[in-house]
Amino acid sequence: MTAALALGGLGLVVALLLSIARAVLASKERGSEGAVVDAVDALLPQSQCAQCGYPGCRPYAQAVSAGERLDLCRPGGPNTVAKLQALLGREREPAAVAQTPELVARIIERQCVGCARCIEVCPVDAIAGAPNYLHAVLAEHCTGCELCVPACPVDCIELVAWTPK
Ligand code: SF4
Ligand code: SF4
Ligand code: SF4
C-alpha cells in the first residue's frame with residue numbers, strides 16, 4: 001500500500017514537471033516569434049494605412065513572420081522590401097524581388113499653396129519643398145502610396161503613370 005502511494009506520488013510529480021517543461025518551451029517559442037514580429041514591425045513605415053491588406057503595420061508584421069509576401073507595403077516601397085529580405089533571409093523570394101510603382105504622385109504647381117502638409121505624411125521623403133514655397137514630388141523616390149493625396153487641403157496632388165529611366 002505504501003509503495004503504491006509512493007509510486008502514485010512519483011507519477012504526479014513527473015507529470016507536473018513535464019507540464020512545467022512544456023509551458024516553459026511554449027513560452028520561449030512565443031517569445032521568439034514575438035521578437036521576429038517586433039523586428040519586422042520596426043522596419044515598416046507605421047502609416048497604419050492598410051494598403052497591404054492588413055488593418056495596420058503590426059498585423060502585417062505578424063503575417064510576414066508567418067510567411068506572407070514581403071512586397072505588400074506600398075508606402076515602404078522597395079527599400080522596405082530589401083530590409084525585410086535581409087532581416088528574414090528571404091532574398092531569393094521571387095514575389096519580393098521587384099516592386100516598380102506604376103503610379104507616382106505629382107503636384108499641380110499652379111494650385112500648390114506651400115502648406116507643407118504633404119511632406120509631413122510622406123513616409124519615404126519623396127517630396128521636396130519648404131513652407132510657403134512650391135512643392136514637388138521626386139518621382140524616383142515615390143512609391144505611389146497615395147498618403148499625400150488626402151493630406152493636401154487644395155486637392156492639388158494627383159497620381160500619374162511614370163516609367164523609371
Ligand atoms: S501598407 Fe505598410 S504602412 Fe500601410 S499599414 Fe500596411 S505595413 Fe503599415
Ligand atoms: S509623394 Fe505621396 S504618393 Fe509618393 S510616396 Fe510620398 S506620400 Fe506616397
Ligand atoms: S499639401 Fe498640397 S498645397 Fe500643401 S505643399 Fe503639399 S501639394 Fe502644396
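Can you compute the modelled spin-label distance between residue 120 and residue 160, with each label point 7 Å from Cα toward Cβ, in nm?
2.6
May I ask you to evaluate 6.51 cos²θ - 1.76 cosθ + 1.60, the Karplus curve with θ = phi - 60°, for each residue of region 104-113 and list the ³J(HN,Hα) values in order in whole Hz, giving x for glycine and proline?
10, 7, 9, 8, 7, 4, 5, 9, 5, 9
Please work out the C-alpha center-to-center distance from region 51-78 to region 122-158 and express it in whole Å.
23
Of all GluC sites (Glu not before Pro) in region 124-160, which ones are in loop regions per DSSP and have a Cβ with at most 12 other Cβ atoms within 10 Å?
Listed in order of number, the matching sites are 140.
Out of the trypsin sites (Lys or Arg not before Pro) in region 72-161, which ones are loop residues according to DSSP with at most 11 other C-beta atoms within 10 Å?
Qualifying residues, ordered by number: 92.
I want to make sure I understand the PRE zone here: with the label point 7 angstrom from the Cα of residue 108 toward its beta carbon, which residues in region 121-165 have backbone N atoms less than 14 Å away?
Within reach of a label on residue 108, which here means backbone N under 14 Å from a point 7 Å along Cα→Cβ, region 121-165 contributes 149-150, 152-160.
So what are the three principal axis dimensions of region 103-161 from its Cα atoms, in whole Å, longest to shortest?
On the principal axes, region 103-161 reaches 25, 18, 17 Å in Cα extent.
Would you calculate the volume per residue, in Å³, of the smallest convex hull containing every Cα atom of region 48-165?
That works out to 107 Å³ per residue.
Readers should treat all values here as calculations from the given coordinates under stated rules, not as data from a laboratory. Note that this is a predicted model, so its numbers are computed, not measured. Glycine gets a Cβ as well: all are built from the backbone with ideal geometry, and neighbour counts include every protein chain shown.
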